[in-house]
Each structure stands twice: as structure tokens, then as C-alpha cells.
1. Only one of these conditions is not met by G61: (1) small (G, A, S); (2) within 16 Å of the ligand (Cβ to nearest atom); (3) surrounded by fewer than 15 Cβ atoms within 10 Å (Cβ to Cβ). Which number is it?
2. Which residue out of R28, R6 is touching a Phe, Trp or Tyr at 6+ places or on another chain (Cβ under 9 Å), within 17 Å of E214 (Cα to Cα), surrounded by fewer than 22 Cβ atoms within 10 Å (Cβ to Cβ) and not hydroxyl-bearing (S, T, Y)?
3. Could you give me the residue pairs with C-beta distances under 8 Å whose first residue belongs to the range 88-105 and is of a type in the set (A, V, I, L, M, F, W, C), whose second residue is more than 15 Å from the ligand (Cβ to nearest atom) and in a loop (DSSP other than H, G, I, E, B) wherever it lies, and which are 6+ apart or on separate chains?
4. Does Q67 count as within 16 Å of the ligand (Cβ to nearest atom) and buried (at least 18 other Cβ atoms within 10 Å of the Cβ)?
5. Considering the range 107-116 alone, what residues qualify as being surrounded by fewer than 19 Cβ atoms within 10 Å (Cβ to Cβ), in contact (Cβ under 8 Å) with a residue 24 or more places away in the chain and either assigned to a strand (DSSP E or B) or at positive phi (or both)?
6. Does E136 count as closer than 25 Å to N109 by Cα, of a type in the set (D, E, K, R) and touching a strand residue (DSSP E or B) at 6+ places or on another chain (Cβ under 7 Å)?
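Nothing in this text is a laboratory measurement; each read-out follows from the coordinates by a stated rule. Remember, predicted model here, so these are calculated numbers, not experimental data. Reconstructed Cβ throughout: ideal geometry from the backbone, glycine too, with neighbour counts over all protein chains shown.
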Amino acid sequence: MTKTIRVAHLYGDLMNTYGDIGNILSLRYYAKQIGVEVTSNVVSLEEDFNADDYDFMVFGGGQDFEQTIVSKDIQTKKDEIKRFIEQGKPVIAICGGFQLLGNYYVAANGKKLPGIGALDHYTDAMKDNRFIGNIEIQNEQTKEKYHGFENHAGVTYLGPSERALGKVIKGHGNNGKDGTEGAIYKNTVCTYFHGPILARNGNLAKRMMFHALEKKYPETDFTSEKPKVKVDSF
Ligand code: GLN
């Protein structure tokens, strides 16, 4: 039987800055090489999210207007999103999505939008400034370098239970001060990278794909599949 990764594209109709949807296309591209099917479903306003229905989550970025709407609605999905994350299923959350998985986001107009506190960070607003441009980071564990494009006014500070996705080599990252970019908690990866991140950083895409597969099919040994998608290092 064909193996499948079911993607929940959280608020895909509202939170999709700079083609964050490309993360799903990348996942599908790599999955196809090993005969795995990727299905995706937008889960948006006033719709139920059931953690058991999905194996992977993509939560893209958005403008403050969309984030204000999503900040309210996401409270109704909070428990199931937390359950999904705590189970160790992979999540890629970008920019506005990253901010709303944390405790709160202060928008450019000074309004504090509640997040869901699934991860321990918080995001304040910069005054009359945005971090815009190409960014490069290095992950401490794998030593891989990741490339992307950042555009945000929010400055994020990580909590004690999460670690950075990478150390900033070029660009600004979470807050322009502490040299961190993004966050990792269990198999949840948060980042300010548009681009989209999984299209520009194949190794990260492949690693997250195998996390999803190993979680869903614990009886299957995927070792022989890994060379087929040429993961450079694990
Ligand atoms: N509105 C948020 C900020 O400016 C997120 C932006 C984005 O998702 N690109 O920080």
C-alpha cells in the first residue's frame, strides 16, 4: 500500500507570504522520489483541526491584518495543535506562524496578539523598522547552512525549552541581538525564512519528511530510502 504524508496547511488561505506553500511542493517532490504520496488540506477559520488526521503541519507567514484574525481563531485549535506538537509530529512554522505558536506577538500598531503558547517564545515589535533581506544561518547540530529571505517587524526571544534553528551568519534573525534564528522544539521547526525554506534547503526538507514517515510507520526501516533522496547528513 502507498505510504502517505497528510499535510495540514494551517490557514493556508491567509498565511502564505512569499509563496510559503512551496514548502508543501518541496515535500511532495522529495516524497515522490521514494514512492510516498503527499496530500494537503487547508485548515482555516472556523474549521476543526484534529491532530490525528495529519502527519505534518505547515503554518506560513502573514501580514499583521491576517495575523489579527488568525490570532483569535487559532485559540479554538490550540489544544489539538499542542497535542500534534507534543506527539513529535513535524511542523514547519514561518514568520507570522512562528510568532503565533509562541506566547504573543506585538503588532506594528502596538496591539498585543495572543499566540497559543505551544512553544515558549514571545515576539515584541520594533519601532519604525523591519528586518528585510537575505539571511544565512548555520545549525549547531548538523553544521548545515540554511538560506532564505526575512521580512519582519517582530523581534522574537526564545524560551528555555527551545533552541535556535541556527546561528546567524548573515542577516538579522530572531531579534538582531542574540545571533539566534528560528526555533526547534521536538520536531517543530520555526523560522523567519521565506523563500520558501524547504525549497531552498533540501536537507531540512528531507529530514523533516523522514521524521514524519518514521513517526507514522514505526515498523518500517527507512534506511534504504534515505540514499534515494540523497540526504547529505543525518
Ligand atoms: N507581520 C509579522 C511581522 O512583521 C510577520 C511577517 C511575515 O510573516 N512575513 O513580523
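1. Answer for G61: the failing condition is (3).
2. Numbers: R28 fails: touching a Phe, Trp or Tyr at 6+ places or on another chain (Cβ under 9 Å).
So the residue among R28, R6 that is touching a Phe, Trp or Tyr at 6+ places or on another chain (Cβ under 9 Å), within 17 Å of E214 (Cα to Cα), surrounded by fewer than 22 Cβ atoms within 10 Å (Cβ to Cβ) and not hydroxyl-bearing (S, T, Y) is R6.
3. Once the first residue is of a type in the set (A, V, I, L, M, F, W, C) and sits in the range 88-105, its partners that are more than 15 Å from the ligand (Cβ to nearest atom) and in a loop (DSSP other than H, G, I, E, B) give V91/N187; L100/I116; L101/I116; L101/A118; L101/L119.
4. On the way: within 16 Å of the ligand (Cβ to nearest atom): yes; buried (at least 18 other Cβ atoms within 10 Å of the Cβ): yes.
For Q67, the condition - within 16 Å of the ligand (Cβ to nearest atom) and buried (at least 18 other Cβ atoms within 10 Å of the Cβ) - is met.
5. P114
6. Details: closer than 25 Å to N109 by Cα: no; of a type in the set (D, E, K, R): yes; touching a strand residue (DSSP E or B) at 6+ places or on another chain (Cβ under 7 Å): yes.
It is false that E136 is closer than 25 Å to N109 by Cα, of a type in the set (D, E, K, R) and touching a strand residue (DSSP E or B) at 6+ places or on another chain (Cβ under 7 Å).
Yes or no, residue by residue, for (1) under 30 Å from D79 (Cβ atoms); (2) in contact with a Leu (Cβ under 8 Å, 6 or more places away or on another chain); (3) not hydroxyl-bearing (S, T, Y):
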residue	(1), (2), (3)
Y104	yes, yes, no
G110	yes, no, yes
D120	yes, yes, yes
I137	no, yes, yes
Y146	no, yes, no
Y157	yes, no, no
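Residue-by-condition table, conditions (1) assigned to a strand (DSSP E or B); (2) more than 11 Å from the ligand (Cβ to nearest atom); (3) buried (at least 21 other Cβ atoms within 10 Å of the Cβ):
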{"residue": "N134", "(1), (2), (3)": "yes, yes, no"}
{"residue": "I137", "(1), (2), (3)": "yes, yes, yes"}
{"residue": "T142", "(1), (2), (3)": "no, yes, no"}
{"residue": "H147", "(1), (2), (3)": "yes, yes, no"}
{"residue": "E150", "(1), (2), (3)": "yes, no, yes"}
{"residue": "G159", "(1), (2), (3)": "no, yes, no"}
{"residue": "G173", "(1), (2), (3)": "no, yes, yes"}
{"residue": "G176", "(1), (2), (3)": "no, yes, no"}
